[in-house]
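Shown next, in structure tokens, is the structure this report addresses.
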Amino acid sequence: MTKIIAELCQNHNGDRNILDEMVSAAAENGADYAKIQSMHSSELTHRERFDKGLIEGGKVKIIKRPYEDEYERLKKLDLEHEDHSLFLSLCKKYKIKPCTTIFSLSKIKMISDLKFETVKVASFDCASHRLIEEITKFDFRHIIVSTGATYNREIKKTASILKESKKKFTLLHCISIYPTPLKEGHLERINYLKRLSNSVGLSDHSNPEINDNILSAMSMTYEIDFIEKHFTILDKDKSKDGPVSVNPSQLKELSSLTKFSKKKLLDYIKDRKIDY
């Protein structure tokens, strides 16, 4: 049966009380894992080309994301060491498995010392082979890697590093468009990932207000092991990731879909009558 990872991302807005409520709601509505992000604003790198961005021929070549604005945004969302400890205790309290995304070399030992068993590498680090190699040296039981915005040759090397480490690992198909239109889902890529790993899944960034859980339902017809979906308990305009996040009722529906047969999944998709 497909397992659900509720990606809390930055939807907690740096508030411990919201984090508590999110872990509780994720567990109550059927998620198997709750996941945070181990990043820190102090490690943000200033790259001048992002301050102004670049548009050529009507296409965005470099996104505009000024350093000062991004630093101020992220600073409010920092999760310190004690927040990670709190998160682990909340997961134990609400009986849901903890997971975190590691974004930098400096965080690996801290996460290992805290006894996280499952960790994730984000799409934009799928080709950060040194980071992945360092993660494999620690006592993590399961490493999950998203593969969005990554060339096949880079994914192959990542899979090779993970196989050589003898670690359990999962590759997630991912489209790094927020939100992801259904026509850009490219779920056939799941079959490619299955040639590289015996455990695969989907990181779904579609908009549930427009597309329900269709992309996730379609992915489950490929008999995948995991679906990662951003999760929020706030109004969806109250956080940056809100538009691609499921709320508790949408998460509950997603969880129920994991119990459907392939025929029932196809009926669910057909009944939505959404053009894609």
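The values are calculated or read from the model by the stated rules, or taken from the named source; none is laboratory data. Note that this is a predicted model, so its numbers are computed, not measured. Please note: Cβ atoms are built from the backbone with ideal geometry, for glycine as well, and neighbour counts cover all protein chains shown. Side chains are part of the model used for accessible areas, which takes the heavy atoms of the whole protein and leaves out ligands, DNA and RNA. Shrake-Rupley method; radii C 1.70, N 1.55, O 1.52, S 1.80 Å.
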³J(HN,Hα) computed for each position of segment 13-21 - Karplus, 6.51 cos²θ - 1.76 cosθ + 1.60, integer Hz, glycine/proline x: 6, x, 9, 5, 5, 5, 4, 4, 5
Report ³J(HN,Hα) in whole Hz for each residue of segment 81-97, in order, from the Karplus equation J = 6.51 cos²θ - 1.76 cosθ + 1.60 where θ = phi - 60°; Gly and Pro get x. 4, 5, 6, 5, 5, 4, 4, 4, 5, 5, 4, 5, 4, 9, 6, 9, 6
Just the number, please: carbon plus sulfur as a percent of the accessible area of segment 122-231, 1.4 Å probe, no ligands or DNA/RNA counted. 46 percent
If you place +1 on the Cβ of every Lys and Arg, -1 on the Cβ of every Asp and Glu, and leave all else neutral, what size is the dipole of the chain about its Cα centre, to the nearest 20 Debye? 1060 debye
Going by average Cβ density within 10 Å per residue, which order do the peptides 170-180, 82-92, 54-64, 3-13 take, highest to lowest? 3-13, 170-180, 82-92, 54-64
Using amide H atoms built 1.01 Å from N in the peptide plane, name the residues 5+ places from Gly148, or on other chains, whose amide H lies under 5 Å from its own. Ser123, Cys174
Per residue of segment 115-121, what does 6.51 cos²θ - 1.76 cosθ + 1.60 with θ = phi - 60° give for ³J(HN,Hα)? Whole Hz please, x for Gly and Pro, Karplus curve as stated. 6, 5, 9, 10, 10, 10, 10
For the chain, report the accessible area per residue in Å² (1.4 Å probe, heavy atoms, rounded to an integer). 51 Å²
Near the amide H of Thr101, under 5 Å away, which other amide H atoms are found, from residues 5 or more places off or on another chain, if H is placed in the peptide plane? Ile36, Gln37, Ser38, Lys120
In vacuum, with every alpha carbon of segment 1-88 counted as one equal point scatterer, what does the Debye formula give for log10 I(q)/I(0) at q = 0.12, 0.15, 0.18, 0.20 Å⁻¹? Two decimals, please. -0.52, -0.71, -0.84, -0.91
Per its Cα gyration tensor (rounded if a/c is under 1.5, else prolate when a/b beats b/c, else oblate), the chain is best filed as rounded
Checking Asp113, Asp69, Asp78 against a Gaussian network model of the chain (alpha-carbon springs below 10 Å), the top fluctuating residue turns out to be Asp69
Long-range amide H partners of Leu202, meaning residues 5 or more apart or on another chain whose placed amide H is closer than 5 Å, are His173, Phe226, Ile227, Glu228
